[in-house]
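Input: a single structure, listed below in structure tokens.
Read-outs throughout are calculated quantities, based only on the coordinates presented, and are distinct from any laboratory measurement. As the structure is a computational prediction, the values presented were derived from the model and not from experiment. Quick reminder, even Gly has a Cβ in these numbers, built from the backbone with ideal geometry, and neighbours come from all protein chains shown.
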Amino acid sequence: MSKQTHAFQAEVAQLLHLVTHSLYSNQEIFLRELISNASDACDKLRFEALNNSALFEDAPELQVRLSFDKAAKTLTITDNGIGMTAQEAIDHLGTIAKSGTKDFVSKLSGDQKSDAQLIGQFGVGFYSGFIVADKITVETRRAGATPAEGVRWISGGTGDFEVETIELPKRGTSVILHLREEALEYANTWKLKEIVGKYSDHISLPILMEKEEWKDGELIEPNNEEGGRQPGGMVKTGEWETINKASALWTRPKKDITDEQYADFYKQISRDFEAPLTWTHNRVEGSTEYTQLLYIPSKAPQDLWNRDKKAGIKLYVKRVFIMDDAEALMPSYLRFVKGVVDSADLPLNVSRELLQESRDVKAIREGCTKRVLSMLEDLAKHDKAPEATDDVTDVLSEEDKAKLGQYSKFYAEFGAVLKEGLGEDFGNQARLSKLLRFASSTHDTVSVSFADYMARMKDGQDAIYYITADTLAAAKNSPQLEVFKKKGIEVLLMTDRVDEWALNFVNEFDGTPLQSVAKGAFDLGKLQDEEEKKAAEDAAETFKPVLAKLKEALKDKAEDVRVTSRLVDSPACLVVTDDGMSMQLARMLKQAGQQAPEVKPVLEVNPEHALVKKLDGSVHFHDLAHILFDQALLAEGGLPADPAAYVKRVNALLS
Ligand code: ADP
């Protein structure tokens, strides 16, 4: 193939413009990105070679080499990984394939300063080479291809790039950076060693550099200050040395890994640019042996609600990378967890299908789930400083202090997903229930656990009361709460979309039943005294004829009509039967275009209310009945079936 010119995809061009024109606060990340690509390329080769060892040719030892030429002003990153065909080079180095990177580009504001900072944290893969280079040459040959099928790709990082075939004796990829004048500092052994130490120590692949000597033969000692040591300068010796630790981060002992290294590793595997909230790193021994390094991100990704979203776990078998997004290793409700599992037992040629069936995998999934739950329990335990005293925070260990507020942060981002586990993972239901937090009629923030609630229950209260609604405001102001407010009984306010569904699976906490205040007949049990009960019964008795008429008038809308002592200020409210679907859930299903049974609610009226008292003998009885019903529907977030008719009725009465 002779020389061809191709244009970059529009997004790439946009990105490149930014990379080359922005002030750069964190230039050196280009090396991390290119080494990471080289390492991925070696992982890919190793994986393909599992079924075709001929791909290794005579070079089975995978490695990355860094070299520079001060005179030519080049820095070269060479790997003997999978390489690229001409078409792959055109596709991969001319477009943005990764959705993560695309999202990232879409977040760019156009403001150079803040964008530059974003890129600095995120990294933009291959294109970050243009931070330090005004031209990049890539020479690459796909493993398994012949030397005649080598490819050269060249670009100045503006609108287009050139591709041609060349003769290349070896497989793999060399990225040759033609350094900008102001980036010549990277053509320096110490500088490169320092950056590799900072970002790429955990890369399991050896990164090599040619050893240098002083011209007179004296070996230089480790020192960052090359300048001014000896005249004559340094020469290359032809001998290559490994400059990184070359051990996968998760295989190293915890005590040897700094928080910063953990966070860096997280950023690499997750493509998140924020540090993780927390992590857990363990070697699990026993019938199934594996290492787990699991992270909880600080922020939820945009596609969190996509239940088909891939899990964030990378699977390795004996340090060989097997696959990304191994969904079998983590239940769906923990799909936000990122990390690595390295198994000692699984076969290297394990497929996704095989993973689903493997007993080892099942054990790993259970183990990982338990670990994540323990990690969350620990955060939850230390979320709030012990109450009653400010001094206690002084006694808290640094470690515990760091955990203050962490669980609330986690819960705000991922709490709703966690709730899916109630219906998905019955084995851990009890543990999950303890991790739930809600707002309540007495606490505005989402911070109340079932245990907190129970500790505040009134004497004689024998249920945990809750209400579900579309919004916090709707929940707080719903008529069903009136008597609870009057009596000072706390009610949990549930406003997540999954609440209703999730609560189907939880009937009680620690032996105390959960009771919706919008379901079933009103019964406060011992919380109501005899006098109140008697008064309610009397009211029901005297109200009977009116109720019968109401039932008749509303027979198409209401399942039943009855009096209640649930209400204080409102004339009426709607409730559903104990085992019925709530009106809110039915509405939600309908909105989502799903089949939902027609819910016919029960209308409950407050016999003490002036409007209700007026009913008896009113000439407007029929209109009033419908208005009562439709208003009750409005109050709980619904819409009258015939809004125009409702407006007409109200207006008729108003005038
Ligand atoms: P990402 O690594 O996120 O996919 P990059 O822009 O860094 O994005 O790279 C784009 C693609 O180019 C990679 O996915 C890979 O297919 C290919 N690529 C980059 N560097 C190499 C390399 N050293 N060897 C083989 N392929 C590479």
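General remarks:
- Remark: the chain projects, on average over all directions, an area of 39.5 nm² (convex hull of Cα atoms).
- With both labels modelled 7 Å from their Cα along Cα-to-Cβ, the Leu184 to Asp324 distance reads 3.9 nm.
- Between helix 10-21 and the chain: long-axis angle, C-alpha atoms, 0 to 90°, nearest 10: 70 degrees
- Using alpha-carbon coordinates, inclination of helix 259-270 to the longest axis of the chain, degrees: 80 degrees
- Dipole magnitude of region 437-654, debye to nearest 20 (Cβ charges: Lys/Arg +1, Asp/Glu -1, about Cα centre): 600 debye
- Each Cα pair under 8 Å and six or more residues apart adds its sequence gap; the mean of these over the residue count of the chain is a relative contact order of 8 percent.
- When you restrict to C-alpha pairs under 8 Å that are six or more residues apart and normalise by the size of region 437-654, the relative contact order lands at 20 percent.
- Net length gained if the chain between Phe273 and Ala535 were fully extended (0.36 nm per residue, minus Cα distance): 88.0 nm
- A Förster radius of 51 Å, combined with the Cβ-Cβ distance separating Glu608 from Ala644, puts the computed FRET efficiency at roughly 0.95.
- With q set to 0.09, 0.14 Å⁻¹, the log10 of I(q)/I(0) for region 437-654, from the Debye formula over equal scatterers at the Cα positions, is -0.37, -0.89.
- The simple spin-label model puts a point 7 Å past each Cα toward its Cβ; for Asp616 and Gln595 those points are separated by 4.7 nm.
- With the highest mean first, a sort of the peptides 423-433, 407-417 on other beta-carbon atoms found within 10 angstrom per residue produces 407-417, 423-433.
- Asp400-Asp444 FRET efficiency (beta carbon distance; Förster radius 25 Å; 0.05 resolution): 0.45
- Among Met375, Ser358, Ala344 - extreme Cα towards positive end, dipole of region 336-377, charges at beta-carbon: Met375
- Evaluated with a Cβ-only charge set (Lys, Arg +1; Asp, Glu -1), the chain carries a dipole of roughly 920 debye about its Cα centre, given to the nearest 20.
- Rg/Rh for region 249-381 (Cα atoms only, Rh after Kirkwood) is 0.93.
- Residue order, fewest to most surrounding Cβ atoms within 10 angstrom, among Trp190, Trp279: Trp190, Trp279
- Shape category assigned to region 306-365 from the gyration tensor of Cα positions, a/c cut at 1.5: prolate
- Taking each residue as 0.36 nm, the span from Ala72 to Arg283 lengthens on full extension beyond its C-alpha to C-alpha distance by 71.2 nm.
- Note that region 399-411 has calculated 3J(HN,Hα) couplings of 4, 5, 4, 5, 8, 4, x, 5, 5, 4, 4, 4, 5 Hz, one per residue in order, obtained from phi through the Karplus relation 6.51 cos²θ - 1.76 cosθ + 1.60 (θ = phi - 60°); glycine and proline are x.
- Summarised in one figure, the compactness ratio Rg/Rh of region 391-448, Cα atoms and Kirkwood Rh, is 1.08.
- The percentage of C-alpha pairs in region 133-202 whose separation is greater than 20 Å is 47%.
- The stretch between Glu260 and Asp569, if pulled fully straight at 0.36 nm per residue, gains 105.5 nm over its current Cα-Cα span.
- Computed FRET value (nearest 0.05) for Arg431 with Ser53, which takes r as the C-beta separation and R₀ as 35 Å: 0.15
- Beta bridges from DSSP with both residues in the chain: antiparallel share about 75 percent, rounded to the nearest 5.
- The calculated P(r) of region 511-612, using every Cα pair and 10 Å bins from 0, goes 14, 40, 32, 12, 2 in percent.
- For region 613-625, putting each phi into the Karplus relation 6.51 cos²θ - 1.76 cosθ + 1.60 with θ = phi - 60° gives couplings of 4, 5, 3, 4, x, 5, 6, 9, 3, 4, 5, 4, 4 Hz, in residue order, rounded to whole numbers and with x for Gly and Pro.
- The convex hull of the Cα atoms of region 376-488, projected and averaged over all directions, covers 9.0 nm².
- Extending 7 Å from the Cα toward the beta-carbon at both Lys458 and Thr95 defines two label points whose distance is 6.5 nm.
- Note on the chain: dipole from Cβ charges, positive end direction compared against Phe273, Thr165, Tyr290; the farthest Cα belongs to Thr165.
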